[in-house]
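Structure, as structure tokens:
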Amino acid sequence: MLYRTEGIVLKTIPFGEADLIVSFLTPDYGLLKAFAKSPLKTKSRFGSSLEPLTHSRIAFWGKEGASLPRLTQSDIIHSFQSIRDKMNCFLRVSEIIELTLQFLPEREANRRLYALLLQTLHNIENNLPVTPFNSPLSKGGYREVKGKGGLDLSAVHYKVKLLKHLGYAPALDSCGKCGKYGDCFFVSQGSIFCENCSRGMDTPVRISKGVAKLYSNLLTWDISKIKRIQPSNVLLSELADIIDAHIEYINTKTLNSKEFIRSLSCQF
């Protein structure tokens, strides 16, 4: 049976000398793996449509529920070539792609996450290169700016939304036991606890009000809203570290892409 949809290429794995196993994120079939015959040959009909991040209209053939259907068509809608051309940007995007591959179950449609990833890629591409933000801060740790959000903000926003949609979002709004105000985040609990409720627990991470507010907004805001603000480097870094620590704890391992970025940083 022939199926048609659209998809974003997340990963390709060589199979034999010229074949590929391609992982797509699709709106209709969720995370989908398909077998592509001879895409690595010079005259392949797939051309460059199977490059990572490429958004394409695809068709695949196979029995209903087949674990590895055969890809028969892939026509580029948008290539996101400019993201791949910038190494730093591509590495950061690779981090959220790897996270998507690890957290999403196969063959479960999730249109919200598909739309979120596609919007995030467009937002990142439309704002290259990223200019560091060094302007004075307003109350709350960030201010309205002309233009759109940068790479780091887009990546953190994607992670926050991904965790929310899949039911893994940490609780940073109030104490996980009594509901009162707290500023001690415990990675092992995925929640904030107040001073009284956290006695005898492991060492916490202190959460500032600015970080809690930014996190609360990213949970509810869509791409169009985060385009209008940009946190300070310090504020965004604090939240990014908390989210990454939470992800590493529930995922039980560090992302390969993140480890590679760290190894590159150590060389300079």
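The values are calculated or read from the model by the stated rules, or taken from the named source; none is laboratory data. The model shown is predicted, which means the values in this text are computed figures rather than measured ones. Neighbour counts run over all protein chains shown; Cβ positions are idealised from the backbone, glycine included.
Only residues that are of a type in the set (Phe, Trp, Tyr) and in a loop (DSSP other than H, G, I, E, B): list them for the range 173-195, please. Reasoning before the result, please.
Taking the range 173-195 as the starting set, the residues that turn out to be of a type in the set (Phe, Trp, Tyr) are 181, 185-186, 193.
Result: TYR181, single match.
Would you tally the residues in the range 227-241 being of a type outside the set (Asp, Glu), surrounded by fewer than 21 Cβ atoms within 10 Å (Cβ to Cβ) and not in a strand (DSSP E or B)?
Residues of the range 227-241 that are of a type outside the set (Asp, Glu), as a first pass: 227-237, 239-240.
Still in the list and also surrounded by fewer than 21 Cβ atoms within 10 Å (Cβ to Cβ): 227-229, 232-235, 237, 240.
Narrowing the set further to residues that are not in a strand (DSSP E or B) leaves 227-228, 232-235, 237, 240.
Within the range 227-241, residues that are of a type outside the set (Asp, Glu), surrounded by fewer than 21 Cβ atoms within 10 Å (Cβ to Cβ) and not in a strand (DSSP E or B) number 8.
Report whether or not ASP202 is modelled with pLDDT under 90 and in the same structural domain as GLU98 (by TED's automatic domain parsing). For ASP202, the condition - modelled with pLDDT under 90 and in the same structural domain as GLU98 (by TED's automatic domain parsing) - is met. Just one of the listed residues (VAL211, VAL205) is in contact with a strand residue (DSSP E or B) (Cβ under 8 Å, 6 or more places away or on another chain), touching a residue at least 12 places away in the same chain (Cβ under 8 Å) and buried (at least 19 other Cβ atoms within 10 Å of the Cβ), and it is VAL211.
When the residues of the range 138-172 are filtered to those that are among the small types (Gly, Ala, Ser) and assigned to a loop (DSSP other than H, G, I, E, B), which remaining residue is modelled with the lowest pLDDT?
Quick first cut of the range 138-172, residues among the small types (Gly, Ala, Ser) only: 138, 140-141, 147, 149-150, 154-155, 167, 169, 171.
With assigned to a loop (DSSP other than H, G, I, E, B) added as a condition, the list becomes 138, 140-141, 147, 149-150, 167, 169.
Working: SER138: 39, GLY140: 43, GLY141: 45, GLY147: 35, GLY149: 44, GLY150: 73, GLY167: 95, ALA169: 97.
Across the range 138-172, the extreme among qualifying residues is GLY147.
Out of SER257, SER224, one residue alone is touching a Leu at 6+ places or on another chain (Cβ under 8 Å), assigned by TED's automatic domain parsing to the domain that holds ALA171 and part of a helix (DSSP H, G or I). It is SER257. In the range 19-30, the residue that is nearest to the chain's Cα centre (by Cα) out of those that are under 18 Å from GLN119 (Cβ atoms) and not aromatic (Phe, Trp, Tyr) is LEU25.
Taken over the range 13-45, the criterion of being buried (at least 18 other Cβ atoms within 10 Å of the Cβ), assigned to a loop (DSSP other than H, G, I, E, B) and at pLDDT 90 or above is satisfied by TYR29 alone. If you take the residues in the range 46-89 that are in a loop (DSSP other than H, G, I, E, B), touching a residue at least 60 places away in the same chain (Cβ under 8 Å) and buried (at least 16 other Cβ atoms within 10 Å of the Cβ), which one is farthest from the chain's Cα centre (by Cα)? Per the criteria, the residue is GLY62.
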